[in-house]
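The values are calculated or read from the model by the stated rules, or taken from the named source; none is laboratory data. Here the structure is a predicted model, which means the values were calculated and not measured. Neighbour counts run over all protein chains shown; Cβ positions are idealised from the backbone, glycine included. These accessible areas exclude ligands, DNA and RNA; they are computed on the full protein's heavy atoms, side chains included. Shrake-Rupley method; radii C 1.70, N 1.55, O 1.52, S 1.80 Å.
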Amino acid sequence: MSVLTFTLTSEPPERLDLSDFTPQALAGLSVSEIETMRVGQSRRALRVADVFRISGEPGDTIIFEGGSSRLDGVGTGMSEGAIRVIGEVGARAGRAMRGGTLIVEGDCGPHAGSGMRGGRLSISGNAGDYLGAPLAGELAGMAGGVLTVAGRAGDFAGDRMRRGLIVVLEGAGDHVGCRMIAGTLVVCGGAGAMPGYLMRRGSILLDHAPASLSPSFVESGAPDSVFAALIDRYLVREGILDHPILGLAPRRFSGDNAVLGLGEIMFPG
Amino acid sequence: MPDLNVNGVAIDDTFAEAFGMRATAIVITGPNRKWARQAAITMTGFATSVIGCGCEAGIDVELSEDETPDGRPGVRVMVFAMSTDELQKQLQNRIGQCVLTSPGSACFAGLIGPTELKMGAALRYFGDGYQISKKLGGRHFWRIPVMDGEFVCEATTGLTKEAVGGGNLLLLARSSAQTLAAAEAAVERINAVPGVIMPFPGGVVRSGSKIGGKYKGMIASTNDAFAPTLKGTVKSALDPDINAVLEIVIDGETSDAVAAAMRAGIQAVVELGPEQGAARISAGNYGGKLGKFLYHLKDLLP
């Protein structure tokens, strides 16, 4: 297994677009070819060698050593292999990824996991707004894969989510799961205002009762739930959570009845 | 014919003849062991023989809370049929009528195979538009709202074409009580063998059959050679002191499982001995020309 390491030599003077630096995009290129690829997004036209020192050789793993909030689009469209960032990244990390593993050992900017369709994105720090959400003009957000945030997520996490699983461990901002189409969104540590605002279908699972809930959600009982047992056991087995959150018979609210109303918000009873 | 003898029990130098079948397995869970078992028992009712029931089904093993997907008590049920289409039809009808209806039940795949049979993928329409699809870790579940909450059913389960149906043991004894004791001992021992079911009542069949009969249209008729009341009338396979015969029929996920089950059954009967149980063990076959799988008793001695 060969590893290609990009070591950041200094704080970039402009935003960098790293969307072309995935294992499959760099396969077959030589180190010298990679060093001359353009990464800068301004007239300055920075090349890789201007900001990174490269070691190793292209293969199925890429490591970015040293992070910056100016590193945008890390892992865009990746379909296989692994990318690990030791440090923070900017906007759109894991944008439209389809497979493989992207690990960010730091914070992410907005639109992390935007429109991802498969694979696994793990963020050990905080995520900005619009986690997994669509870019402007797109009809659906995340459509598959597993996205975990060990820290906190900003506003509009899981906006227009359609499939897949998002887990946020230390709370999320306002409007988590707004306009959700389907999928599963787990938020521990508290969600902000109006979770599930205008959601059509899908599940928002919380570790305690939401502080504020849109009046267009209605309580729909707390029968014993096999689904709760399945998701609890899955999250613990995968090492995403260290303890089950829902329990045997979670409370359930259905909504958002301002739209289709087939979604649900569940939390332990 | 008896030329082998273990612990006073004569063992015929013959073989059981079995057939290739299609099989699937599912895991049924319930709020407690009683109701998990109840759903499984109901689902495997009237599933003794493909001749009249469409499939053969039974409980393979009981599963502890640690072994089921939802952490509740469960049972693994196996269903056998002669074709994939018939198996699909039987599986769907039986889950729909017997498991979906059972209080607190849930239903999961019990077999991984290249071919898939629909479970929740077909039953989801019972949800009338309120069903919910969930994919977790590569598995697909359907949540169907019902009156005690939700029926959770995995979308599909696997199918195996390696299954074998019709492994058998014939237990010959001097009295009805003795052959019943031998049969019960064999069933108890075979129950512990994984991957096999005994589809007949309590695992035992008293009406062994031969192929065809004197009446037109009869697929099977009584196994006259082993019927004690016909000893003087037909060419009987029974010794003068044999007055009752019971058969254990075994379906297995693999040929090895059937062999292991027959071996376990023989061992149990031999250990019981001729005074308490069977005086002789034989097996049913059709001359070895019809079935793909032959199990010679002499290869399965304890």
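Assorted remarks:
- Site pair A:GLU65 and A:MET1 shows an inter-label distance of 1.8 nm when each label is modelled 7 Å from Cα along Cα→Cβ.
- Taking only the alpha carbons of the stretch A:73-269, we obtain Rg and Dmax values of 15.3, 45 Å in that order.
- Nearest-0.05 FRET efficiency for A:GLU138 and A:SER10, computed from C-beta distance (R0 41 Å): 0.75
- Subtracting the Cα-Cα distance of B:LYS289 and B:ASP148 from 0.36 nm times their residue separation leaves 45.5 nm of extension gain.
- In Hz, Karplus ³J(HN,Hα) per residue of the stretch A:26-35 (6.51, -1.76, 1.60; θ = phi - 60°; x = Gly, Pro): 8, 4, x, 8, 8, 4, 5, 5, 5, 4
- Candidate lysines for bridging to B:LYS231, where Cα separation is under 22 Å - those fewer than 8 sequence places away on the same chain excluded: B:LYS210, B:LYS214
- Placing +1 on each Lys and Arg Cβ and -1 on each Asp and Glu Cβ, with no other charges, gives the stretch B:20-160 a dipole about its Cα centre of roughly 160 debye.
- Relative to the longest principal axis of the Cα atoms of chain A, helix A:226-237 runs at roughly 30 degrees.
- B:TYR295, B:TYR286, B:TYR125, ranked by accessible area, largest first (probe 1.4 Å): B:TYR125, B:TYR286, B:TYR295
- C-alpha center-to-center spacing [the stretch A:21-39, the stretch A:118-147] in angstrom: 25 Å
- Around A:GLY87: net Lys/Arg minus Asp/Glu count, Cβ-Cβ under 13 Å: -3
- Applying D = kT/(6 pi eta Rh) to the stretch A:169-269, where Rh is the Kirkwood radius over alpha-carbon pairs, T corresponds to 20 °C and eta to 1.002 mPa s, the Stokes-Einstein value obtained is 162 µm²/s.
- Under the convention that each Lys and Arg Cβ holds +1 and each Asp and Glu Cβ holds -1, the size of the dipole of the protein assembly as shown around its Cα centre is about 1420 debye.
- Hydrodynamic radius (Kirkwood) for the protein assembly as shown, which is based on Cα pairs only, to one decimal in Å: 27.3 Å
- Note on A:GLU35/A:VAL259: beta-carbon distance plugged into 1/(1 + (r/R0)^6) with R0 of 41 Å gives a FRET efficiency of 0.20.
- Sites B:LYS298 and B:TYR215 - FRET efficiency at Förster radius 56 Å, r taken between beta-carbons, to 0.05: 0.95
- Within the stretch B:104-205: Cβ-based charge dipole about Cα centre, in debye rounded to nearest 20 (Lys, Arg +1; Asp, Glu -1): 220 debye
- The stretch B:186-276 - percent relative contact order, Cα under 8 Å, separation 6 or more: 38 percent
- Between B:ILE11 and B:ASP3, B:LEU4, B:ASN5, B:VAL6, B:ILE281, the built amide H atoms are under 5 Å apart, and every one of these is 5 or more places off in sequence or on another chain.
- Cut-off of 10 Å, at most 14 other beta carbons, DSSP loop: longest stretch of chain A lacking such trypsin sites (Lys or Arg not before Pro): A:45-269
- Inter-probe distance in nm under a simple model that places probes 7 Å from Cα toward Cβ, at A:ARG233 and B:GLU62: 1.8 nm
- Evaluated at q = 0.15, 0.25, 0.29 Å⁻¹, the base-10 log of the normalised Debye intensity for the stretch A:1-58, with identical point scatterers placed on the Cα atoms, takes the values -0.40, -1.07, -1.35.
- Charge dipole of the protein assembly as shown about the Cα centre (unit charges at C-beta), most positive-ward option of B:VAL204, A:ALA157, B:CYS55: B:CYS55
- Taking N as its residue count, the alpha carbon Rg of the stretch A:190-249 over 2.2 N^0.38 Å: 1.22
- Across B:ASP66, B:ASP299, B:ASP60, the residue with the most accessible area heads the list, and the full order at a 1.4 Å probe is B:ASP66, B:ASP299, B:ASP60.
- Tail weight of P(r) past 26 Å, computed on alpha-carbon pairs of chain B, percent: 47 percent
- Among A:MET1, A:MET142, A:GLY247 the positive-end extreme of the charge dipole of chain A (Cβ point charges): A:MET142
- Gap separating the Cα centres of the stretch A:170-208 and the stretch B:13-48, nearest whole Å: 42 Å
- Note, ³J(HN,Hα) from phi for the stretch B:10-26, Karplus 6.51, -1.76, 1.60, rounded to Hz, x at Gly and Pro: 6, 10, 5, 7, 9, 9, 8, 10, 10, 10, x, 9, 9, 9, 9, 9, 9
- Between the stretch B:159-233 and the stretch B:243-302, the alpha-carbon centres lie 10 Å apart.
- Violating pairs (Cα-Cα greater than 29 angstrom) within the set B:LYS135/B:LYS292; B:LYS34/B:LYS118; B:LYS89/B:LYS135: B:LYS135/B:LYS292
- Fraction in percent of alpha-carbon pairs per bin - 10 Å, the stretch B:4-155: 11, 38, 30, 11, 6, 3, 0
- Convex hull of the stretch B:238-282 built on C-alpha atoms - directionally averaged projected area, nm²: 3.4 nm²
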